[in-house]
Structures are given as C-alpha cells and as structure tokens.
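Take a look at the structure below.
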Amino acid sequence: MEKALESDTVVIPVNKFYSYDYQVSTMKMEYPHILLLNPWIYDFAAYDFWARPIGLLYLASILKSQGYKVSYIDCLDRFHPGLPRRLPVREFGRGPYLKVPVNKPEGLRDIPRRYSRYGIPESLLRMELNRIPKAEAVLVTSLMTYWYPGVFEVIRIVRQMIKEAPIILGGIYATLCHEHALKNSGADYVISGQGERAIIPLLNSLFGRQVSPLFQAECPGPAPFFPEDPDSYPYPAFELQTRIPYVPIETGRGCPFRCAYCASSVLNPKLLRRSPKNVVNEIEYWHKRYGVLDFPFYDDALLIDPEHHIVPILEDVLARGLKVRFHTPNALHIRNFSHELALLMFRAGFKTVRLGLETAVFGGDRKIDNKVDREEFEKAVRYLKEAGFSGKQIGAYLLFGLPGQDYRLLELSIRMVRSLGIQPILAQYSPIPRTPLWDEAVRVSAYDLSADPIFHNNSIFPCLEGGFSWEKISYFRGLVRN
C-alpha cells in the first residue's frame, strides 16, 4: 500500500491502515462487496435541480461489470421510505431535500443565513449501513468544494461502523482541493481526476484480483469497458436509487472553451463524446424499461459541432418515436444556434432551455469568456421563440459576484435579457481553484480562499465588494423577478 498506482489519475495512499492479515483474507474473496456513498450537503441553501452523482453511479455500473458486488446509499435520497415526511415532487421531477439546521462552520458565523444539513437523517444512514452486507471497501464521492463538511461526516460515521474497510474518496472536491482532502478528509485513498481510470486497478490491487478493465459481466449498455472510450461505458446505475424521477444524460465530457470562471477543462481536459446512437440507446433504455420521461443533459458542450452530434441525436429520438422531455441545466453555447436546430429541439421535446450568456457586456471588454456577441444572442432567442418556445422556457445565466464586477453593467444585462422576453437567471459566482480567475478571486476576497474551501461558497458571495450584503443581493434578485 506504500506506492501510488501507476495511472493517468493520481491515487495517493493516505495511511497504512490495513494489516497484513486483512490483506490476505480479502485476497481469498472472489466477489468483494463495495459500498458507494453519496454524502449530505451542508450549506445555506440546496435544492434538487436534476442533481445526481452520475460519476459515482458510473463507477457502480463499471464495478458490477467487473464482477464486484455493489451497494449504494444516497444521503440526499428525497424518496427514502424512512423519511419522517413525504417531500413534494415539483415539475419535471425536481424537488426539495429534507433539511435540518446545524451550526455554521467557523468563519461563517457572521453570515445572516441559516445553515443546514440537507438529506436523510443520520439515523437512516446508520440503519442502511447496518442493513447492507458488510462492505470490503467504501467509495465516497464529492461535489462542490465547499460541501466537504458532509463528506467528512459520512467518512467519520463509516469509519465508526465499518472499521476495517478502506475508504476511497473521489469527485470534484477531491480533485480541485486535493491537498485539503488528503490532510483532512479521513479517507485512506484520495483520487484526483476521473475515477473510471483508477478505481479498477486500485481495487484489484487491494483485493489481489486479476480482473482486467476489459472484462464484462452482464450489465446494461455496451461491452467491453475501455476507460478511454465513452461509448464503452455501461449505463450509470440509476436503478440503485429508491426511485428514478429523471435520468441525467452525458453525451460527452469536456469543453473546447476556456472560460475564466469554469473548471471544466481541469476536470475533463479533453472533449470526449459518445456516438449519437449510443446516447439514444440509453435514453430509450431508461424510458422504455423504467418509464422515465425527463432527461437533463449534463454536458458543457452539448451544441458544439451540432451537425455531427446533437442534430443526429435528436433526429434519432424523433425517428424512434420517443415521447420524452429534455432539459439543459448546464448552459448551452449560443453561437451554434440556427433556426433549424431550434425547431428540432422543440420537436424532440426540450422543455427548459438555459443559455450561457454570463454577461450582456459585449465587445472587447468581455474578459471572462469569448463565446457570444450580441447579434448571436438575439438571434438565438429569436430562433427559439420562432420554433415555439415560450419566454418562460428560455433562461439566460448571468454571473453575479465576480471579482471586481461592475454592478451597473449587471443591471443593464438583466434589463437587456428581460427586454427580449426571456428569463434572466442569476448564477452566483463561486471561486474555483486552478481556474484563470482564481488568483484574482483570492486577491479581492475578504475570506482566505486558499486556506479553507468552505469560503468558496457562492451563497456568501465571497468576492462581493464590501462583503455579504442582503441589500445588494435582494436588489438584483428583485430585478430578476420583476
């Protein structure tokens, strides 16, 4: 255990937790049992806007395809039968999490907002840990960097209840704040980067197995599995959920743009895409086998090279007669819109369309991205409306809380978007390590962003000039609503 595995993904052993006897005993097990765990959210606000740990569920399917036994516990399960009350299901499968107020972290005590833990009660997590077969290893994912308190808490509980099992941490926080996770999480292994490349070699080494990544047991989706080929991945294991209100779809990973505020190129350095047929096969699988209607796209570059990607996907959806609904919680690139594409999107079943505007300040002063000019934006809106979309279905993201932001220009941006008859949506800026804007964010913030990821939280507006201000926040929220 004293060496990191040779891999494109960095895997670092944190301690020498395992005894020799334990290693020998696991080598005898033909099919080790792996627990995958999605942790709680600790934050000032959280809501299920089509949020699922798709990376963790991909790993579940990949492990099943390699012969491992898997269990899954989702601390954010809105449909767990043991919840003290039934939570409402909103439009298109979205809805609130159960929440319990908790103490604010040190350094956020002065923020005049209630801090909560979102997800199932701790008693239910402990019940689930007792119910499932004893795990020989535990995989914990992580999302937002400032949600690490939930990650740490589930690791602490797992360590109490499954003392011998190695705990492996991966995900966004583990990648972007790797050193912080190594020092503080309590995990035995921390994976930086894409877990699909590292998890099988790591587990095989822990359990003395010789299973190749190319081995494929019966599992929905293509076979065999090649880490570099997105078309070879089995479908994410959404069937492990209590209920499937929607299924997120990744048609690819990565993005050719390098926007100053975005970590897409850090998390996925290459733009890798699935074939259109493979994507539609998955949509058809979930729709026909489980009755799923709603499919949010998780792509950062869904409309790039549309004639070879999104157009054949949607044409195939129509050809197969799939009556489904599509959503784009991640922003769509505006430059690639055409009248024909907008019409195809409408016919194929898109219900919510989000455009990546970021700011309506066009021209040479546009420093945070380079994706669109005013004419392209206005054309995209016109094409969508002519295709049949209503103004309520179309939204444009506008960044709020950027370092050094001119809030007069933000107000102009909001009014310009509203003048086109669509919805301006404030996207609160979160400083993200290893992005081009990070150094500037560190320089202007009143918080020590480098010392503690808890200060990356966009709910505290860490780069807002003058600090957190309900007056300023309420003013701009009012402009959006009114």
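The requirement of being aliphatic (A, V, I, L, M) and assigned to a loop (DSSP other than H, G, I, E, B) is fulfilled nowhere in the range 62-73; no residue meets it. A single entry from Leu343, Leu318, Leu314 fulfils the requirement of being under 28 Å from Pro245 (Cβ atoms), modelled with pLDDT of 95 or more and surrounded by 15 or more Cβ atoms within 10 Å (Cβ to Cβ): Leu314.
Within the range 395-441, the set of residues being part of a helix (DSSP H, G or I), buried (at least 16 other Cβ atoms within 10 Å of the Cβ), more than 23 Å from the chain's Cα centre (by Cα) and of a type in the set (A, V, I, L, M) comprises Leu410, Ile414, Met416, Val417. Evaluation of Leu63 against the conditions (1) over 30 Å from Ala446 (Cβ atoms); (2) touching a helix residue (DSSP H, G or I) at 6+ places or on another chain (Cβ under 6 Å) shows that the sole unmet condition is (2). Among the residues of the range 226-243, those that are at pLDDT below 95 and in a loop (DSSP other than H, G, I, E, B) comprise Phe226, Pro227, Glu228, Asp229, Tyr233, Pro234. Checking the range 88-100 against the condition returns a match, with at least one residue being among the aliphatic types (A, V, I, L, M), in a strand (DSSP E or B), in the same structural domain as Arg156 (by TED's automatic domain parsing) and surrounded by fewer than 23 Cβ atoms within 10 Å (Cβ to Cβ).
I'm checking my understanding of the structure. Among residues of the range 20-47 that are in a loop (DSSP other than H, G, I, E, B) and over 22 Å from the mean Cα position of the chain (by Cα), which one is modelled with the highest pLDDT? Selected residue: Pro32. Checked against the criterion of being closer than 20 Å to Tyr261 by Cβ and out of contact with any Gly (no Cβ under 9 Å at 6 or more places or on another chain), the candidates Ile432, Ile454 yield just one match: Ile432.
Would you confirm whether or not the range 175-182 contains a residue that is in contact with a helix residue (DSSP H, G or I) (Cβ under 6 Å, 6 or more places away or on another chain), more than 20 Å from Ile454 (Cβ to Cβ) and not acidic (Asp, Glu)? No - not one qualifying residue is present in the range 175-182.
Meeting the requirement of 1 or more residues that are under 17 Å from the mean Cα position of the chain (by Cα), small (Gly, Ala, Ser) and under 25 Å from Asp48 (Cβ atoms), the helices (runs of 4 or more DSSP H) wholly within the range 244-319 are 264-267. Filtered by the rule that a residue be out of contact with any Ser or Thr (no Cβ under 6 Å at 6 or more places or on another chain) and either basic (Lys, Arg) or under 21 Å from Ile155 (Cα atoms) (or both), the range 64-79 gives Lys64, Lys69, Val70, Ser71, Tyr72, Ile73, Asp74, Cys75, Leu76, Arg78. Of all residues in the range 380-394, those that are on the phi < 0 side of the Ramachandran plot and surrounded by fewer than 17 Cβ atoms within 10 Å (Cβ to Cβ) total 5.
The values are calculated or read from the model by the stated rules, or taken from the named source; none is laboratory data. Just so it is clear, the model here is predicted, and its values are computed rather than measured. With ideal geometry, Cβ positions are generated from the backbone for all residues, glycine too; neighbour counts draw on all protein chains shown.
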